[in-house]
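Trainee: Please see the structure below; I have some questions.
The values are calculated or read from the model by the stated rules, or taken from the named source; none is laboratory data. Note that the structure is predicted; figures quoted are calculated from it, not measured. Positions of Cβ are generated from backbone atoms using ideal geometry, with glycine treated the same way; all protein chains shown enter the neighbour counts.
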Amino acid sequence: MKKMAAAVASFATLATEPGEDAFRKLFRFYRQSRRGTADLGAVIDFSTAHEARGSRPGVPKVVRFHLNVSSVTEHDACRAGLQPVSKWQAYGLEGYPGFIFIPNPFLPGCQWHWIKQCLKLYSQKPNVCNLDKHMTKEETHNLWEQSKEFLRSKEVNKRRPRSLLEKLRWVTLGYHYNWDSKKYSADHYTPFPSDLAFLSEQVAAACGFQDFRAEAGILNYYRLDSTLGIHVDRSELDHSKPLLSFSFGQSAIFLLGGLQRDEAPTAMFMHSGDIMVMSGFSRLLNHAVPRVLPHPDGECLPHCLETPLPAVLPSNSLVEPCSEEDWQVCATYLKTARVNMTVRQVLATDQDFPAETMEETKRDITTDGLCHLDDQNSPVKRVRLNPDT
């Protein structure tokens, strides 16, 4: 406990030192952090929040969040691969109204479906991905088929070139998000996956947002050396609706700050299966992912992914069987990776995209920064319009 208290105190000192803004300082600190050391002493772990006794100095107090149990039937939760809402644990943080964290509410084995969808289905055309700027549509037509022979190998040679799936950094679903202008448009719309829409709408309803519509999704694919720069998700035209975030694979550190970067952020773990909801005040806060944490036992899967899907699924379940061959590919990928799905409602009821002149579009592209998902060794990188992100 003394080591943890000392670690928390040192983080507080680091954040208040003059010079670089507090968020950037802690981003750099956690980017270099190591598992099993005092570096992570101030990081909140919601998976053990029910065991916590009081709050730690300098760390916001974790509070229980009461879900709307009656808004989602057990049948609908099961269809999406979720436990009954009455069995979920949900938490908030003092000082962060609108922030909700739900540690892994998925039924045993059901994460397999969503992971397979992210890697095998959602990555396919006509959905847009980062590779499209550097390769033809024919070259990126089926990333799964082109990559599975590499990933199916039991002995992964670290010197071999990465497969296309391993070079994937982001995919957009529904209304396309333009990474240059940081705006959505209907110019390139792809049908939003019905299974992901149903999952998202059940989670939103449980959190009190019964009228949420899943209209856009951004999937981020992280390697162990990837980070997500400091940013605010302000591009949606209706900020009253929540942003839902689903994590799968290796754990990561998430930083949630304030309206300005001089406010020190709160650090928390995101484990496989965890769901985070940001609405209201927390919807426009600075946040980032400075670190993906390798498994403490080496290249292994999180324990919650060791349980396979049930042999028999309900007849109307949206969760589909996952073949042993498909899971072998997914498992090999996730031993050194993490996938995050964020789902958003872009437009309010009866709202449409505003007309935009070519001059406005040009100005946006040349002056606006972007949220940057990057790793040190990726051969496919986006141009960074703002070096601070």
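Trainee: Quickly run through segment 271-323 and pick out the residues that are assigned to a loop (DSSP other than H, G, I, E, B), in contact (Cβ under 8 Å) with a residue 24 or more places away in the chain, under 21 Å from C78 (Cβ atoms) and not acidic (D, E). Spell out how you get there, then give the answer.
Mentor: Filtering segment 271-323 for residues assigned to a loop (DSSP other than H, G, I, E, B) gives 271-274, 279, 285-286, 293-302, 306-323.
Cutting the leftovers down to in contact (Cβ under 8 Å) with a residue 24 or more places away in the chain gives us 271-274, 279, 285-286, 293-296, 299-302, 307-310, 314, 316-320, 322.
Still in the running and under 21 Å from C78 (Cβ atoms): 272-274, 307-310, 314, 316-320, 322.
If the condition is that a residue be assigned to a loop (DSSP other than H, G, I, E, B), in contact (Cβ under 8 Å) with a residue 24 or more places away in the chain, under 21 Å from C78 (Cβ atoms) and not acidic (D, E), then S272, G273, T307, P308, L309, P310, P314, N316, S317, L318, V319, C322 are the ones that fit.
Trainee: Tell me which residues, restricted to segment 303-326, are surrounded by fewer than 19 Cβ atoms within 10 Å (Cβ to Cβ) and within 16 Å of Q250 (Cα to Cα).
Mentor: H303, C304, E306, T307
Trainee: Tally up the residues in segment 202-221 that are closer than 23 Å to T172 by Cβ and either of a type in the set (A, V, I, L, M, F, W, C) or without any contact (Cβ under 8 Å) to a residue 60 or more places away in the chain (or both), please. Don't jump to the end; show me each part of the working.
Mentor: First pass over segment 202-221, keeping only residues closer than 23 Å to T172 by Cβ: 202-204, 209, 212-221.
Right, trim to either of a type in the set (A, V, I, L, M, F, W, C) or without any contact (Cβ under 8 Å) to a residue 60 or more places away in the chain (or both) and you get 203-204, 209, 212, 214, 216, 218-219.
Going through segment 202-221 one residue at a time, the tally reaches 8.
Trainee: Also, I was wondering about something else. Among the residues of segment 95-153, what is the count of those that are within 17 Å of the chain's Cα centre (by Cα), within 30 Å of P60 (Cβ to Cβ) and not in a strand (DSSP E or B)? Walk me through how you get there before you give the answer.
Mentor: Kept after step one, since they are within 17 Å of the chain's Cα centre (by Cα), are these residues of segment 95-153: 99-106, 111-119, 122-123, 129-130.
Adding the requirement that they be within 30 Å of P60 (Cβ to Cβ) leaves 99-106, 111, 114.
Now narrow it down to the ones that are not in a strand (DSSP E or B): 103-105, 111, 114.
So the answer is 5.
Trainee: Out of all the residues in segment 240-288, which are of a type in the set (D, E) and modelled with pLDDT under 95? Steps first, answer last, please.
Mentor: Our first condition is that a residue be of a type in the set (D, E); within segment 240-288, this holds for 262-263, 274.
Matches in segment 240-288: D262, E263.
Trainee: Among all residue pairs at least 6 apart or on different chains, which show Cβ distances below 6 Å where the first residue, located in segment 179-198, is in a loop (DSSP other than H, G, I, E, B) and surrounded by 15 or more Cβ atoms within 10 Å (Cβ to Cβ) and the second is at pLDDT 90 or above and not aromatic (F, W, Y)?
Mentor: Taking only residues 6 or more apart or on different chains, the pairs are T190/P126; T190/N127; F192/L173; F192/G174; F192/A214.
Trainee: Modelled with pLDDT of 95 or more, charged (D, E, K, R) and either closer than 30 Å to H239 by Cα or in a loop (DSSP other than H, G, I, E, B) (or both): does that describe R363? Lay out the reasoning, then the answer.
Mentor: Working: modelled with pLDDT of 95 or more: no; charged (D, E, K, R): yes; either closer than 30 Å to H239 by Cα or in a loop (DSSP other than H, G, I, E, B) (or both): yes.
Judged against the criteria, R363 is not a match.
Rundown of residues vs (1) surrounded by 18 or more Cβ atoms within 10 Å (Cβ to Cβ); (2) of a type in the set (D, E), yes/no style:
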{"site": "E138", "(1), (2)": "no, yes"}
{"site": "R160", "(1), (2)": "no, no"}
{"site": "G174", "(1), (2)": "yes, no"}
{"site": "A205", "(1), (2)": "yes, no"}
{"site": "F209", "(1), (2)": "yes, no"}
{"site": "A214", "(1), (2)": "yes, no"}
{"site": "G217", "(1), (2)": "yes, no"}
